[in-house]
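Everything on this sheet refers to the single structure shown next.
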Amino acid sequence: MTRALPLLVVVVLVGGVQALHALGRLPVFLPAPSELWAAADPRVLAAHIGPTLGRAAAGFAIAAGLALGAAGLATAVAALFGPIYTLGATLQAIPVIALTPLLAVWLGTGPSTQVVIAVLAAQFPMLAGAMQGFRAVDARQMELFHTLAAPPWQRLRLLIVPASLPYVFQGFKVAAPSAVLGTITAEWAGAERGVGAMMLNALFAFDPPQVWLAVLSACVLAGGGYALWAAVERLVVVWDRPAELAP
Amino acid sequence: MKRPIMRRVLLRALVAAALVALWQGAIVAWEIPPYLVPAPGSVAAAFGQHARLLGARAGFTLGSAALGLLISLGFACALSVAFTNSRVLARATMPLVVAFRSAPVVAVAPLVMLAVGRGIGTSIVVVVIVSFFPLYVNLMRGLAAPDRSAMELMRVTGASRWQVLRYVRIPYAMPYLFTGLRVAGGSAILGAMLSEWLTGAPGLGMTILQSGDMREIETLWAAVILTVGMALGVFWATSAGERAVLAWRV
Amino acid sequence: MSREVLIEHASMVFHPRAGRRGDGVVALQDVSLAVGEGRFTALIGPSGCGKSTLLRLVADILQPSAGRILVGGAPPGEARRAHAIGFVFQQATLLPWRSVLQNVALPLDVVGRGARRSGRSPEALLTLVGLEGFARALPHELSGGMQQRAAIARALVLQPEVLLLDEPFGALDEITRQRMNLELLRIWQESRTTALLVTHSIAEAVFMADEVAVMSARPGRITRLVPIGLERPRTLGMMRTAPFFEAVNQVRDALFGTEQEPLADPVEAY
């Protein structure tokens with residue numbers, strides 16, 4: 001019942017907007033669902049969503065590699081923990097709006113600028129999650145591995161990595177939408193294709209259905225990134241669920 | 001109290017000077033060509049040359065951010081006071097508040113522009129939307145902050161709801177208000193500048209974008225530095241306000 | 001390697017963290033204890049008497065400030081690296097992402113399967129602790145008692161010479177605890193290890209052990225050794241016999257002194 005409620009709200013909203021459209025009472029900037037459906041050209045959508053998805057995914061992957069590596073280093077070398085965290089937080093704090101034009105000058109208006117922005121937008125949640133996760137092992141589990149005389153490699157493989165997974169996935173879930181939104185913002189600063197470019201073009205031409213389609217694409221991409229990692233997490237992290245089967 | 005402030009200002013000036021020296025040094029040491037990173041001197045020259053333009057653009061951005069922030073603050077104050085007095089109302093509107101929080105600027109700004117059009121209106125509405133949540137949450141927290149004994153004292157003296165609000169809740173909420181302003185102020189400036197990217201309104205965001213496109217590197221750097229300065233200025237101003245209202249606490 | 005545990009004049013002082021003022025806390029002072037091969041000794045005492053610390057010294061989790069500890073004639077570190085020590089914690093400390101069977105097999109994964117063949121397979125140990133139907137279950141699907149049984153099976157999988165038990169059933173209810181104690185005795189007798197059990201239950205100490213070492217707090221010392229004359233195998237029926245009560249009384253006297261203080265307020269007795 002509670003799960004059906006949001007769906008019900010959406011259905012009522014969409015139905016209401018469509019009904020207002022039928023009555024001719026919709027403002028010009030609010031297209032009816034039927035108009036959106038008619039305006040949606042799969043080829044055009046794919047031509048814009050594809051590049052954005054590719055850039056965001058590339059940025060996410062690079063950021064994941066860097067963040068996990070840096071978190072591992074920070075955990076292994078205690079003296080680096082603070083500096084690495086501060087570096088990640090500082091990079092996170094640099095406003096995209098100031099950085100994108102500079103990057104465009106340095107790297108050109110190709111996809112590399114958008115990828116770099118996506119990396120910067122996605123790195124910190126993953127870094128913070130992994131750094132927290134690598135330290136999430138409790139003292140008794142460490143004592144257990146100590147009494148077993150486990151070498152460092154086994155500690156990492158059998159204890160630290162699995163224990164960190166819930167935190168790492170938490171970071172991934174936040175970082176995926178960030179990568180998408182960062183990419184689109186960077187596309188605003190100059191890109192031929194991509195969801196951000198689609199928004200700009202449609203706004204310039206005052207084409208409300210296309211603007212809405214672009215905005216919805218952005219939301220679906222961002223939400224999809226979250227949903228993807230939430231699903232992976234549910235498949236992998238089976239142990240953190242409440243004890244429903246306990247006798 | 002005066003000397004530490006002087007010292008702090010001096011310290012910041014020293015840090016800034018050191019950064020500029022590093023900047024110049026790096027250009028000389030690695031022979032960085034001016035189209036990648038311009039020298040501090042030429043950026044300063046660009047500041048002088050385009051002072052009026054930059055000033056006007058910064059004024060536009062700051063103005064739209066401030067106006068939006070003010071409207072947002074009005075909403076946040078009214079709603080938080082109303083909701084502090086009515087739990088039912090607070091619970092009923094929670095989904096709306098959450099929707100506001102999770103709506104990304106990237107998705108909101110184009111729709112606002114469709115509705116409001118080019119010009120300062122879009123900037124203001126976007127700023128209202130992005131700054132509402134931090135203000136509202138912190139105000140709610142602040143109004144709920146008074147400790148039990150203070151509230152009970154008011155009840156014993158027979159104070160009305162409004163008197164409780166005026167004498168206890170609002171003074172307690174002041175530090176939280178400034179915390180909210182600090183967070184909201186940063187996102188307000190960013191929101192205003194991002195809106196300019198969409199609408200082409202003549203603010204600092206537009207200047208950054210245009211000078212980048214036209215390869216006017218010195219102007220680009222001047223505008224970026226001005227942006228960072230504005231953000232830092234908002235941060236310091238709200239922090240100072242926070243310290244001022246917190247003074248009675250310590 | 002023989003299986004006796006020898007503690008000679010061990011002291012343990014916890015120093016305050018670097019940069020903080022204050023004297024160290026003396027957790028253990030001049031503690032000596034010998035647990036013969038295949039024997040079962042219980043450590044009992046009020047909280048803060050250092051009994052868990054003593055166990056951690058034997059397990060080489062902590063190092064003594066003074067004195068000497070030998071496990072099978074070797075320093076504890078050597079015994080630990082030879083996997084001669086099995087440790088059961090107060091909480092089961094199972095890895096939540098591994099199935100029950102994988103948890104029992106964890107020490108084999110650490111050592112490398114085949115590097116040291118255990119006498120009993122993890123599957124056989126699961127049967128020994130009565131968890132044969134739960135091999136594929138995850139720890140959170142098990143009750144507390146079942147989790148602790150899995151932890152005991154894990155401690156036995158490398159065939160340790162010495163089994164160290166830190167209030168293994170402290171978190172369980174009385175009925176489960178009673179049953180687990182019987183099981184533990186059965187497992188101990190089958191595996192022929194030397195056992196050192198930390199507990200704060202007098203009845204449990206007497207029921208389980210050949211000898212009860214009574215400790216006092218501040219500083220932690222062993223104040224008396226009480227030999228327990230009950231036969232093996234122990235049965236629940238023994239808990240109603242005179243020798244059992246006598247041993248319990250001896251331990252209680254050692255803990256609280258011979259003269260029982262009268263209760264200040266009779267109402268508090270209830």
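Nothing in this text is a laboratory measurement; each read-out follows from the coordinates by a stated rule. These figures come from a predicted structure and were not determined experimentally. Cβ: placed from backbone, ideal geometry, glycine included. Neighbour counts: every protein chain shown.
Summary of computed values
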| item | result |
| --- | --- |
| R0 of 51 Å, Cβ-Cβ distance A:LEU87-B:ALA159: FRET efficiency to nearest 0.05 | 0.50 |
| Amide H contacts under 5 Å for C:PHE87, placed H, 5+ residues apart | C:LEU164 |
| Assigned charges on the beta-carbon of Lys, Arg, Asp, Glu; chain B dipole about Cα centre (debye) | 1180 debye |
| Cα→Cβ-extended label distance, 7 Å offset, between C:VAL26 and A:ALA19, nm | 8.4 nm |
| For the protein assembly as shown, the fraction of alpha-carbon pairs in successive 10 Å shells from zero, as % | 2, 10, 16, 17, 15, 14, 13, 8, 4, 1, 0 |
| Integer Hz, Karplus 6.51/-1.76/1.60 couplings in order for the range B:158-166, x for Gly and Pro | x, 6, 7, 4, 5, 5, 4, 4, 6 |
| Test item: B:109-122 mean partner chain Cβ contacts at 10 Å | 4 |
| Between the range B:126-177 and the range B:1-51, the Cα center-to-center distance that results, in Å | 43 Å |
| Average partner coverage of A:160-168, which counts Cβ from other chains inside 10 Å | 1 |
| Residues whose placed amide H lies under 5 Å from that of C:MET215, excluding near-sequence neighbours | C:ILE44, C:GLY45, C:THR223 |
| Kirkwood estimate for chain C, i.e. one over the average of 1/r between Cα atoms, Å | 19.6 Å |
| Chymotrypsin sites (Phe, Trp or Tyr not before Pro) within the range B:1-53, DSSP loop, no more than 10 other Cβ atoms inside 10 Å | B:TYR35 |
| Dipole of the protein assembly as shown, positive end: most advanced residue of C:LEU106, C:GLY72, B:PRO33 [Cβ charges, Cα centre] | B:PRO33 |
| Relative packing of peptides C:130-137, C:51-58, A:116-123 - highest average C-beta neighbours within 10 Å first | A:116-123, C:51-58, C:130-137 |
| Peptides ranked, highest mean first, by Cβ atoms within 10 Å: ranges A:136-147, A:76-87 | A:136-147, A:76-87 |
